[in-house]
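> My structure is below; once you've seen it, I'll send some questions.
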Amino acid sequence: MNTTITPVGSLTAGEVREVLTAATSAPSLHNTQPWRFHCTPGAIELHADTSRALEAADPEHRELVLACGAALLNLRLAIRASGTVPDVRTLPEPGRPSLLATVRPAARRPATPAEQELAAAIPRRRTNRRPFHHDPVPAVLQASLRQAAETERGWLAVLDPPQRLVLCGLSRRAHQEQLDDPEFVAEWQRWTGRAGDVGEGVPVRSSGPVPEPQDEFVLRDFGAGGARTRVTGKDFEPEPLICVLGSFQDSRHAQLQAGMAMQRVLLTATANGLASSFLSQVVEVADTRRELRALIGGGLWPQIVLRVGYGSPVPATPRRPLEDVVTGELEPNRSS
Ligand SMILES: Cc1cc2nc3c(=O)[nH]c(=O)nc-3n(C[C@H](O)[C@H](O)[C@H](O)COP(=O)(O)O)c2cc1C
């Protein structure tokens, strides 16, 4: 069916489709895309879709909220790129906890070059699990990534080599603990190692090399269960840039904010020619998350761990069609 979306506030139907496509390009744990958008004549509502929560990996839905925060930042930036100022209210109705934000397209004002640059990075950003080139990320770019986190009221801690060593040990412990949990493994197998393009989950083509015992960081094997070409001669970068995105609180609101900070860091990396991937076992297991909190000074709640560097191109992961994630003013056979 040829379906179109109707205007919202000052956005035309075509612009609404564009900004929702940008929102749904956000990363999410195992590519679950745990969001839903409801369009009214004046606003786009962002809802958490808890029916898509990963109850074994993310029982408190913290990472689900991070993913929705990333979608919210994309939505804000895409609205700005269309020349409109978004009026954003986060968690606007305490009685409706699944309503994470309302975004009203308000005044028209041209986007700045910096806003346009970040918005242009949205479709180019992807999770890159392959080895990166050995060139280190220059200090000036590390500073830009830290600044990106701070712009969204987050904090990016760049780990020094001794801290990285401790993180390796914590990641290994967390990874093993998860593999020992049959519910985690069953959930993992449901969402990963997919051969076809089914619009969700992590396809085999997006997996990195087959993990090997000498790897510094234990990477999740997204190719499990599916046939895949073994990447031979792989060699992960000797001095990876590992950053912990932290927040000052661990409330729902702080997690949503952290999702926006995470996404601004990832887009800033993309805009500067950098690739990125996630190492989240350590923040999914309560004990190791607590130890990571102590490792970065005790004042921040670690929300996500990112690896950043210079990578080679990787394919995009699929997304569900907009019609599956948007409700409200969605009408068939109307042109924009
Ligand atoms: C909160 C969160 C945690 C994630 N954890 C991991 C992880 O531990 N390992 C990994 O390889 N990818 C991880 N990812 C990346 C997702 O698998 C990825 O975003 C998804 O498959 C969509 O692909 P894309 O990022 O290339 O668009 C995580 C993403 C988010 C938002």
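The values are calculated or read from the model by the stated rules, or taken from the named source; none is laboratory data. Quick caveat, the model's predicted, so the values are computed rather than measured. Quick reminder, even Gly has a Cβ in these numbers, built from the backbone with ideal geometry, and neighbours come from all protein chains shown. Accessible surface areas use protein heavy atoms only, side chains included; no ligands, DNA or RNA. Shrake-Rupley method; radii C 1.70, N 1.55, O 1.52, S 1.80 Å.
> Scan the strands (runs of 3 or more DSSP E) fully inside region 83-178 and keep the ones with 2 or more residues being more than 25 Å from Ala67 (Cβ to Cβ).
99-108
> Further, regarding this structure: Could we say that Ala71 is of a type in the set (A, V, I, L, M, F, W, C), within 15 Å of the ligand (Cβ to nearest atom) and either over 19 Å from Ser251 (Cβ atoms) or not in a loop (DSSP other than H, G, I, E, B) (or both) here?
So Ala71 fits the description; yes.
Matching residues to (1) hydroxyl-bearing (Ser, Thr, Tyr); (2) modelled with pLDDT under 95:
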| position | (1), (2) |
| --- | --- |
| Gly225 | no, yes |
| Thr229 | yes, yes |
| Thr232 | yes, yes |
| Pro238 | no, yes |
| Met262 | no, no |
| Ala271 | no, no |
| Thr288 | yes, no |
| Leu292 | no, no |
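> Continuing with the same structure: List the residue pairs whose Cβ atoms are under 7 Å apart, where the first residue sits in region 196-213 and is more than 21 Å from Pro34 (Cα to Cα), the second is part of a helix (DSSP H, G or I), and the two are 6 or more positions apart or on different chains.
none
> For the structure I just gave you, tell me whether Ala78 is open to solvent by 10 Å² or more (accessible area, probe 1.4 Å), in contact (Cβ under 8 Å) with a residue 24 or more places away in the chain and assigned to a helix (DSSP H, G or I).
Yes, satisfied.
> Still on this structure: From the residues in region 82-106 that are among the aliphatic types (A, V, I, L, M) and touching a residue at least 60 places away in the same chain (Cβ under 8 Å), which one is farthest from Leu72 (Cα to Cα)?
Only one residue fits best here, namely Ala106.
> Filter region 14-39 for residues that are open to solvent by 10 Å² or more (accessible area, probe 1.4 Å), more than 24 Å from Thr192 (Cβ to Cβ) and touching a strand residue (DSSP E or B) at 6+ places or on another chain (Cβ under 6 Å) and give the result.
Arg17, His38
> Right, next: From Ala120, Ala143, Ala174, grab the single residue that is small (Gly, Ala, Ser), in the same structural domain as Ser25 (by TED's automatic domain parsing) and either within 11 Å of the ligand (Cβ to nearest atom) or open to solvent by 20 Å² or more (accessible area, probe 1.4 Å) (or both).
Ala120
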